[in-house]
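K.L.:
This is the structure I have questions about; it appears just below.
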Amino acid sequence: MSEEHLVTFNLELNVEQAYAEIRKLQTLLYRTMGFMRRLGLPENVDEAIRKIQRVIMTLRILQTAIRSLEFALAGGGPISLALAFLGIASGTMSIVDMIAEG
C-alpha cells in the first residue's frame, strides 16, 4: 500500500536587479553620511547618521538572505534554506524596530 510520488517544481529567481538597487542605495547612504560629517552639522546629525548606518546594516542582512535563498533553491540544502529564512526574519524585525522607533 505504499505509493511513491515524485513532485518536481522549478522556481527561477532573477535578483540581479535587486542586488544592483541595494548597492546603489548603500552607496547613496554612505555618501550622504560622509557629506553630513564634512559639513560639521549639529549633534542631532549623529543620530541621523546612526539611523542611516542601521538601514545599511539591515539592507546587508536582507541581501545575504536573498543570496542564501537563491543558493538554497539551487540545491544548497536545508541549512541554506534555514539561513535564508533566518536572515529574512532578522531583516524584517530590524525594519519593524526602525519603524517603531520613528
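No lab work stands behind these numbers, since they all come straight from the coordinates. Because the structure is a prediction, the values reported are computed rather than measured. FYI the Cβ positions are ideal-geometry reconstructions off the backbone, even for glycines, and counts take in every protein chain you see.
K.L.:
Under the 0.36 nm per residue contour assumption, what length would be gained going from the current alpha-carbon distance of residue 54 and residue 31 to full extension?
P.N.:
Full extension of this stretch gives 6.8 nm more.
K.L.:
Out of the GluC sites (Glu not before Pro) in the stretch 14-102, which ones are loop residues according to DSSP with at most 10 other C-beta atoms within 10 Å?
P.N.:
Numbers: sites: 16, 21, 43, 47, 70, 101; in loops: 43.
Taking the stretch 14-102 and a limit of 10 other Cβ atoms within 10 Å, the loop GluC sites (Glu not before Pro) found are 43.
K.L.:
Still on this structure: Return the inverse of the average 1/r over all pairs of distinct C-alpha atoms in the stretch 16-101, which is the Kirkwood hydrodynamic radius, in Å to one decimal.
P.N.:
On the way: mean 1/r = 0.0701 Å⁻¹.
With all distinct Cα pairs of the stretch 16-101 included, I get 14.3 Å.
K.L.:
Whole-Hz ³J(HN,Hα) for each residue in the stretch 66-71, computed from phi via Karplus 6.51 cos²θ - 1.76 cosθ + 1.60 with θ = phi - 60°, x for glycine and proline: what do you get?
P.N.:
5, 5, 5, 5, 4, 5
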